[in-house]
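All remarks here apply to the structure that follows.
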Amino acid sequence: MKKLLFILFVFVQTLFLSCNNQQNQKASNTRVFTDVLGRQVALPDTLTRIVGVRASALRMLLYMDAADKIAGIEDIEHRNDRPYVLAHPELLELPTIGPMMGGDAELILKARPEAIFMTYATIEDADRLQRQTGIPVVAIDATEFGTARDTLFSTFKLLGKILHKKARTDSLIHFINQNITELNQRTHDIPDELKPDVYIGGVPYSGAHGITSTQPYYPPFMFLNAKNVAAQISKEMYSHVRGTYIDKEQLMLWNPEYLFIDESGLFLVKNDLLPANTLTQNLDVIQNGNTHVVMPYNNYATNYELVLTNAWYIGKVLYPERFSDINIKEKTDEITRMFLNAEMYDTLTSTSAIFRPINLLNMD
């Protein structure tokens, strides 16, 4: 009997230690992070299947070299008109996790992710999706590039910690800061009286818009210390998400020396500037040839790599002597290689009017 009791005791002890070790191992393989909303989120130490929901979430994950971990994408991401999808066509073969700006809980579950990354969310949004799926939801930011870069970098750092991509995060932040610093160094000492007045039109916000859609804090202009005529617009009228719009009469009063058009709005801008229009007749820039088309940077939130490429091109246009050493194709490929591991200049410009002057009065 004593021998039997001893064997039973050993068995119970072994079972207890085994269960305890499993619990400790499970606990040691889980890490807790504070997301951008201040929520505490417990995640597996190593993530192999993840998804991003809402604007820019997938883009941010791809910036972190996490393409091999993506388990599914929203409907809208199956349109291959964004650099990050063009750079990773394999994403188009992944299952759909629901519609834009949030996906669908049931479809997300079918993709079997271990974590969901969510942009433009409230605490209630993130908590609700986490309850619906039983999957940890991490809120991240995809902020405006010109005025909230530190917030953007905070998200990069959070993703770097979660995905064990610290070296990648450090390299990307350094690269961005290096580019912005050099753009500033090349232009900061130009006297205001020698700077031409500039304007960006056709800026997209939840779709294409015409000449009156602009950006008072257009990052390329900020990086280049350019004189953006729209910068005088009151901050109360500005929205990074909803957009900023002016009257055509105001544009005539400003009469900028250089007009840059976001390629996504080019067709609508052309309609705004028909030869017989009063606006067209009162804008000198339409007559003098200083009209240029730039990359459509705001497509399901900001494509940050295109913001930088636009800045280098605009620098060459406004200050050719100070940017004479810059080959825009080489610079674009350098930037997209850093962000997306792909040289994309030819892909992005081959069938468009991007990065060249345009005569709006003679367009087909």
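The values are calculated or read from the model by the stated rules, or taken from the named source; none is laboratory data. Because the structure is predicted, anything quoted here is derived from the model rather than measured. Positions of Cβ are generated from backbone atoms using ideal geometry, with glycine treated the same way; all protein chains shown enter the neighbour counts.
So here's what we get for this one:
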| read-out | value |
| --- | --- |
| Subset of segment 317-338 (residues that are closer than 15 Å to residue 180 by Cα and surrounded by 19 or more Cβ atoms within 10 Å (Cβ to Cβ)) | 323, 331, 332, 335 |
| Of all residues in segment 59-89 being assigned to a helix (DSSP H, G or I) and acidic (Asp, Glu), the one that is nearest to the chain's Cα centre (by Cα) | 77 |
| Single residue of segment 226-257 satisfying the filter (surrounded by fewer than 16 Cβ atoms within 10 Å (Cβ to Cβ) and polar (S, T, N, Q)) that is modelled with the lowest pLDDT | 239 |
| Some residue of segment 102-114 being aliphatic (A, V, I, L, M), part of a helix (DSSP H, G or I) and out of contact with any helix residue (DSSP H, G or I) (no Cβ under 6 Å at 6 or more places or on another chain) | yes |
| Selected residue (criterion: surrounded by the fewest Cβ atoms within 10 Å (Cβ to Cβ)) from residues of segment 115-135 that are assigned to a loop (DSSP other than H, G, I, E, B) and of a type in the set (A, V, I, L, M) | 135 |
| First in segment 272-287 and more than 20 Å from residue 208 (Cα to Cα), second anywhere and of a type in the set (S, T, N, Q), Cβ under 7 Å, 6 or more apart | 283/255; 284/255; 285/291; 286/280 |
| Boolean, residue 316 is under 16 Å from residue 224 (Cβ atoms) and either modelled with pLDDT under 95 or out of contact with any His (no Cβ under 9 Å at 6 or more places or on another chain) (or both) | yes |
| Residue 138, sole failed condition from (1) surrounded by 21 or more Cβ atoms within 10 Å (Cβ to Cβ); (2) assigned to a helix (DSSP H, G or I) | (2) |
| Checklist (1) under 30 Å from residue 66 (Cβ atoms); (2) crowded, with 21+ Cβ neighbours inside 10 Å applied to residue 213, failing item | (1) |
| Matching residues in segment 280-334 - criterion: being in a helix (DSSP H, G or I) and touching a strand residue (DSSP E or B) at 6+ places or on another chain (Cβ under 7 Å) | 285, 310, 313, 314, 317, 318 |
